[in-house]
Structures are given as C-alpha cells and as structure tokens.
Amino acid sequence: MLNVDEARNHVLESVGKLPLIEVPLLESLGLVLGEDIIAKDDIPPFDNSAMDGYALRQRDIEGTSEGKPVSLRVTGDLPAGKAPTDSVAEGEAVRIMTGAPVPAGADTVVPVELTRAAAGSVLILEELAAGANIREAGEDVKVGQIVIAARTLVGPSEMGMMASLGCAKVKCFRRAVIGIISTGDELLPVGEELRPGKIRDSNSYTVYGMVKEAGAEPLRLGIVADQAGALEKTILDSVDLVDVFVTSGGVSVGDYDMVKDVLGKIGEMNFWKVAMRPGKPQAFGQIRGKPLFGLPGNPVSVMVSFEQFVRPALLKMMGRAQIYRPQVKAILDSPIGRKRGRAEFIRVIAEWRDGGYRVRVTGPQGSGILNSMVKGNALAILPEDTGRLEAGEEVTIEFLR
Ligand code: AMP
Ligand code: MG
C-alpha cells in the first residue's frame, strides 16, 4: 500500500503537459500562458494628462497664488482621443481632459479646481511643480519588457494588460478533457424515480463540478453497468476524445469490482491502494497513454481522492506552476479521535476567529456522508502517524472553497 505522497508523486510523474493552442484573448481566461508576453508598445503610449485642467509651462506659474493669480491665454481644447496640433507657448494654456496627450511645450497640468475661467483666458490660483499631473509614456510598461511570464495563470488583470498591448490572440496550454464514468448496477440517472435497491448517481456530478473548477473540460460518458465488457467498450469508444478518464466505483475487492481488471486488460494498472481515509481502494493506470483514475464509489471518497490526486495532475497537464491548494494552520475547537496508520481527511468548517483559523468537524465522517462535503469548507489533513487530537491542538487544513 502506498502512502498519499508516494501515490501522488507517481501520478504526477506519469502525466505530461498538454500542447499549446492559440486562442482569442477572451478565451484565455483561466488558462496558463505558454509564452512570455513582451511589450511591443509603451504603456501609456504617450505623455498624457492625469486630470481635467490646463496644460501649460511651469515657468509661467512660478510664484502664483490665490491672492496673486497668473492669467494665461487659452488657445485650445484637448479632449481624450484627440492628437494635439499646436504647441503651448509662453503665456498660453490649453484646456485638457484626463487621458488626452500633453501638447508640445507644456510640462505641467493644473487641475481645473485650482483655476478660475474667464473669457478667452484662465486664472491659475496655485503654483505646482514641473511635471505635475502628467502620466509619462512608458511609466506602466516599457517597450521590449517581459510584462507577463510564460506559465502565468491568466486572470482579469492579465487579460486587461494583454488587451492594452494589443494581444488579440494568445498561446496557452489547452484545457484537459476529462471523460467521466460512473460504474454500478445500482445507479439511476438524476431524472428517475427511486426504485428498490437503486440510488441516483451523484458522483458524476461532483466530479463534473471538480473538473470544471480545476479549469478542465468535463465529458460525461454516462453510467456503466458492473460488467467488464461494458466498461471496456465505454472506455475504448471514447479514448480518442479525452485526455484523462475518471471513473467512480468498482475498485474494491467485491465480485462486481472490475475497474482494475479492465485497466490491466486494455491498459496498464499502476497501483490500487493508498493509505488514506476515505479513499483506500482506488486504481490508477493508463490506457493508450491516457491516465485513468479509478476513484472509489463512496461519494466523499470520490471527492477527497479527486482533490489529492486528480486535481494536481490536471493542473500540471494544463501548465500550472502552482498545483496544490495552499495549506494553513488551524486550531481545533473539538477533539478528533482516530487510529494511526492511514492519513485522514476530515471535513471541517473553518472560520477566522480571535486572530487565527478555528475548525470544527462537520459531523459524521463516513465516506458515504456527502453532507459532510456540503457543510464543510475545508479538509483537515491528519498524517498517518498522528493519533487522537484534543481541542486546542493545531492541524493543517486546505480550503476547498
Ligand atoms: P463501490 O466502490 O462500487 O462498491 O461503491 C461503494 C459505494 O458507493 C456503494 O454504496 C455505491 O452504491 C456507492 N456509489 C458508487 N457509485 C456511486 C455514484 N455514482 N453515485 C453515488 N453513489 C455511488
Ligand atoms: Mg459498485
């Protein structure tokens, strides 16, 4: 039996990065850049006004004050978007709006609040230093600079920056396509009424959500009966459409647990037991070069195993530099009794209180209690060799939302 780190390392070693694709800028949101973004323009591209006011020569307003204002002749109007044609000479000012280019000759902008308009002229009521209220060309970004490095996750700020720089198309790692299969003769689709012995398939929905939240593309391949032939067919029919398979159920040692056998028959089975709770039985392998995660059937085990193994693997494939959730320390509000030997993932409610995170257990922790995931916002991670924990002790948690 592998421990969680060994299993995860094994998984991560066996997945590679997906190819780069070129996408329109809007579609890059949530993808990882596959190229450095190098500025082909200065941002801003020209010196421009930071205020609505008057562009003028600073020497003309030396010593000016409310009691002894200087009067300048207003020679024009510069709204944003207009290119100046005339320069500003001694004794002159141009009315300028925020974002408009500063005309030649002017070196200072006096905000309108510090002026009084008169017919054809303006009174300047305060002296300002040369350069005041002018945003210099290139003060944000200089041409030739690497503004965003390859491997950066594209968020709203990166999109805005790339728009400023005229990057209409961007090279990114593509999204992984994940084939999702639920196994089990007991499973009904969500729209059906319950019948004796049957339950509705919930795993394909939790997995769908986790795939989407990881930034990958889910492809639902349906419910498959507990027959090796049926599973084999579903996998082989779609192996060219997906980058990764995620199945749930059918990985323990019952008579109907056939995922391992199918994996061994049409692919390669790498491991199937991890020292963790929930989620001890689970299979990992490859079919025609496509990784297959055979997650356990129990609804909480599916989610915890996805978090620990599938999510980091998908993020690695999609080029992410940071593939793990950040971990923080938290103090237990109530004790947790447990046996050593397997790492345990306890669903907790974490909140900030008295200068630190405090956690309490969601309630019953059975691997079928999906409500523990609904109520919890974090997993407390108890290492293999940790025994019972008392209230007030510190634990490591990972926020799930
Ligand atoms: P298995 O690993 O196939 O023996 O399944 C373990 C438990 O998880 C059983 O109680 C199953 O009924 C349940 N289970 C398996 N697959 C699903 C599913 N897709 N949705 C909800 N529960 C499931
Ligand atoms: Mg089953």
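When the range 24-47 is limited to residues that are assigned to a strand (DSSP E or B) and open to solvent by 10 Å² or more (accessible area, probe 1.4 Å), the one that is farthest from Val244 (Cα to Cα) turns out to be Ile43.
In the range 263-283, the residue that is farthest from ligand 2 (Cβ to nearest atom) out of those that are part of a loop (DSSP other than H, G, I, E, B) and open to solvent by 20 Å² or more (accessible area, probe 1.4 Å) is Gly267.
Taking every residue in the range 296-325 that is under 15 Å from Pro218 (Cα atoms) and in a helix (DSSP H, G or I) and pairing it with any residue that is of a type in the set (Phe, Trp, Tyr) and within 16 Å of ligand 2 (Cβ to nearest atom), at least 6 positions away or on another chain, the pairs with Cβ-Cβ distances below 7 Å are Val310/Phe293. Looking only at residues of the range 174-204 that are open to solvent by less than 20 Å² (accessible area, probe 1.4 Å) and either within 30 Å of Val23 (Cα to Cα) or of a type in the set (A, V, I, L, M, F, W, C) (or both), we find that the one that is farthest from ligand 1 (Cβ to nearest atom) is Ala176. Total residues in the range 300-318 satisfying the condition of being surrounded by fewer than 22 Cβ atoms within 10 Å (Cβ to Cβ) and farther than 18 Å from His10 by Cα: the figure is 0. On the stretch given as the range 59-115, residues that are among the polar types (S, T, N, Q) and in contact (Cβ under 8 Å) with a residue 40 or more places away in the chain total 6. For the range 280-287, the condition holds for no residue, the condition being that it is farther than 22 Å from Val15 by Cα and more than 16 Å from ligand 1 (Cβ to nearest atom).
In the range 141-240, which helices (runs of 4 or more DSSP H) lie fully inside it and hold 3 or more residues that are farther than 30 Å from Asp261 by Cα?
Of the helices (runs of 4 or more DSSP H) lying wholly inside the range 141-240, those with at least 3 residues that are farther than 30 Å from Asp261 by Cα span 156-164.
Could you tell me which residue of the range 249-262 is farthest from ligand 1 (Cβ to nearest atom), considering only residues that are surrounded by fewer than 17 Cβ atoms within 10 Å (Cβ to Cβ) and closer than 24 Å to Gly341 by Cα? Checked the range 249-262; the qualifying residue farthest from ligand 1 (Cβ to nearest atom) is Val253. The residues in the range 241-262 that are within 12 Å of ligand 2 (Cβ to nearest atom) and not in a loop (DSSP other than H, G, I, E, B) can be counted, and the count is 3. Can you confirm whether Asp240 is within 27 Å of Ile199 (Cβ to Cβ) and open to solvent by 10 Å² or more (accessible area, probe 1.4 Å)? Taking the combined requirement at face value, the residue does not satisfy it. Name the single residue that is least open to solvent (accessible area, probe 1.4 Å) among those in the range 119-133 being assigned to a strand (DSSP E or B) and free of Cβ contacts under 8 Å to residues at least 60 places away in the same chain. So, considering only residues that are assigned to a strand (DSSP E or B) and free of Cβ contacts under 8 Å to residues at least 60 places away in the same chain, the one least open to solvent (accessible area, probe 1.4 Å) is Ser121.
The values are calculated or read from the model by the stated rules, or taken from the named source; none is laboratory data. All figures in this text were calculated on a predicted structure; none of them were measured in a lab. Reconstructed Cβ throughout: ideal geometry from the backbone, glycine too, with neighbour counts over all protein chains shown. In case anyone asks, the SASA skips ligands and DNA or RNA and just uses the protein heavy atoms, side chains included. Shrake-Rupley method; radii C 1.70, N 1.55, O 1.52, S 1.80 Å.
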